[in-house]
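Okay, structure first, notes after.
The values are calculated or read from the model by the stated rules, or taken from the named source; none is laboratory data. All figures in this text were calculated on a predicted structure; none of them were measured in a lab. Cβ atoms come from the backbone with ideal geometry, glycine included; neighbour counts cover every protein chain shown. What goes into the accessible areas is simple: the full protein's heavy atoms, side chains included, and nothing from ligands, DNA or RNA. Shrake-Rupley method; radii C 1.70, N 1.55, O 1.52, S 1.80 Å.
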Amino acid sequence: MPLDFLKRKNTDGTPAPGDAGPPPAAGAHGTITLPEEVVAQEYQLKLYYAGKSSEGVRMTAGPKAVAELPSMLHGLAKSEIEVVDPLPIEFSQATPVMARPSEAMQWLNAHHIHSPVTRHALVVLESIDAIDLAFDTFVCTLLDGEVDTSGYPEYSAIVGGVVSHWDEATGDMIARAVVGWGGKGARGDTDRIAAKLLSGILTNILANQYALGLTPIDRPVPAAGRGGLVCAHCGFASAHERAFYCPKCGMRLLRG
Ligand SMILES: [Zn+2]
């Protein structure tokens, strides 16, 4: 018996690929009527991220002040204290958004070395624009709440720490307290606990020997396109083209 279904389509007068095929056959039992109302199964995910940032504290001591930052979390840290440096130019597009593979790959390449607590904090605080690693240094820890069995903070856990950048007008380091939390849910008392922790971190910053007092924060504007200068002191290639001071080591960038 010949196997008709194996025949090539063009040999027996049927339409070539690309030609309009025959109209769809009616159902074997006649026309299918559409229901008046479509029964839909609903799906939803509500993600909630929040955070707080304090006023800035002006610090003297120049580049030495960076080494002081982790000590400002003593007494408050509930996990290892990690320092996240500003990102160099090759990571200038890094964004924790899975649907953008190039940006997500940059982000993972930059941050896979960090702990689950720090990665969670970066996702939360970068998503709500509370920190910008084009010029911020982020000293991070778990401040309140629990982590799951893989070490990732629960939605009600509070993460954060001290964030610093170099003031473009004076070259002083400006440090501030930053906290964040969130995920698949929210809890009523988290905001109040976070406010208390923010105040505790700010108190520690102000108590540092190099602190000069509160100052308004005038955050630098990151570059839109190509990068800026390479630091002659530490070799850091900044993504911040108008930077006057190296985002990483705080030394003055040489131009020309
Ligand atoms: Zn530098």
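Which ³J(HN,Hα) values, rounded to whole Hz and listed in residue order, are derived for segment 187-196 from phi using the Karplus coefficients 6.51, -1.76 and 1.60 in 6.51 cos²θ - 1.76 cosθ + 1.60 with θ = phi - 60°, glycine and proline given as x?
10, x, 8, 5, 4, 5, 5, 5, 4, 5
At 1.4 Å probe size, put Met251, Met59, Met98, Met105 in order of accessible surface, largest to smallest.
The most accessible residue leads, giving Met98, Met105, Met251, Met59.
If each of Cys234 and Thr33 carries a label point 7 Å out from its Cα toward its Cβ, how far apart are those two points in nm?
Inter-label distance under the simple model: 7.4 nm.
With a 1.4 Å probe and all protein chains in place, put Phe138, Phe244 in order of accessible area, largest first.
Phe244, Phe138
Rounded to the nearest 10 Å², what accessible area does His114 have for a 1.4 Å probe in the complete protein model?
About 20 Å², rounded to the nearest 10.
Which value in Å is the Kirkwood Rh of segment 16-156 over different Cα pairs?
So the Kirkwood estimate lands at 19.6 Å.
Can you pick out the pairs among Lys78/Lys196; Lys78/Lys248; Lys46/Lys196 whose Cα atoms lie more than 19 Å from each other?
Lys78/Lys248; Lys46/Lys196
What does the C-alpha gyration tensor say about the overall shape of segment 97-235? Classify as rounded when a/c is under 1.5, otherwise prolate if a/b is larger than b/c, or oblate.
Oblate, since a/c reaches 1.5 and b/c is not below a/b.
What FRET efficiency do you get for Val83 and Tyr152 if R0 is 22 Å and r is their Cβ-Cβ distance, rounded to the nearest 0.05?
0.65
Leaving ligands and nucleic acids out of the surface, order Leu34, Leu45, Leu143 by accessible area at 1.4 Å, largest first.
In descending accessible area the options line up as Leu34, Leu45, Leu143.
With a ≥ b ≥ c taken as the square roots of the eigenvalues of the C-alpha gyration tensor of segment 66-107, please select rounded if a/c is under 1.5 and otherwise prolate if a/b is larger than b/c or oblate if it is not?
Since a/c reaches 1.5 but b/c is at least a/b, the shape of segment 66-107 is classed as oblate.
Between Val97 and residues 5 or more places away or on another chain, which pairs have amide H atoms under 5 Å apart, with H built 1.01 Å from N, and which residues are they?
Amide H neighbours of Val97: Ala104.
State whether segment 101-151 is rounded, prolate or oblate according to the following rule on the C-alpha gyration tensor (a ≥ b ≥ c being the square roots of its eigenvalues): a/c under 1.5 gives rounded; otherwise a/b larger than b/c gives prolate, and the remaining case gives oblate.
Note, shape of segment 101-151 comes out oblate.
Could you compute the net charge surrounding Lys78? Neighbours are other residues with a C-beta less than 11 Å from the C-beta of Lys78; K and R count +1, D and E count -1.
-3
Roughly how much of Glu80 is accessible, in Å² to the nearest 10, using a 1.4 Å probe?
130
Could you check the spin-label model distance between Gln44 and Val97? Points 7 Å from the Cα along Cα→Cβ, value in nm.
2.4
What figure, in Å² to the nearest 10, do you get for the accessible area of Leu202 with a 1.4 Å probe and non-protein molecules left out?
About 30 Å², rounded to the nearest 10.
Which net charge results when you count Lys and Arg as +1 and Asp and Glu as -1 among the other residues whose beta-carbon is under 14 Å from that of Met98?
0
Extending each Cα 7 Å along its Cβ direction at Gln209 and Asp189, get the distance between those two points in nm, one decimal.
3.9
Suppose the chain between Ser71 and Glu168 were pulled fully straight at 0.36 nm per residue; how much longer would it get relative to their current alpha carbon spacing?
Residue separation times 0.36 nm, minus the Cα-Cα distance, leaves 32.4 nm.
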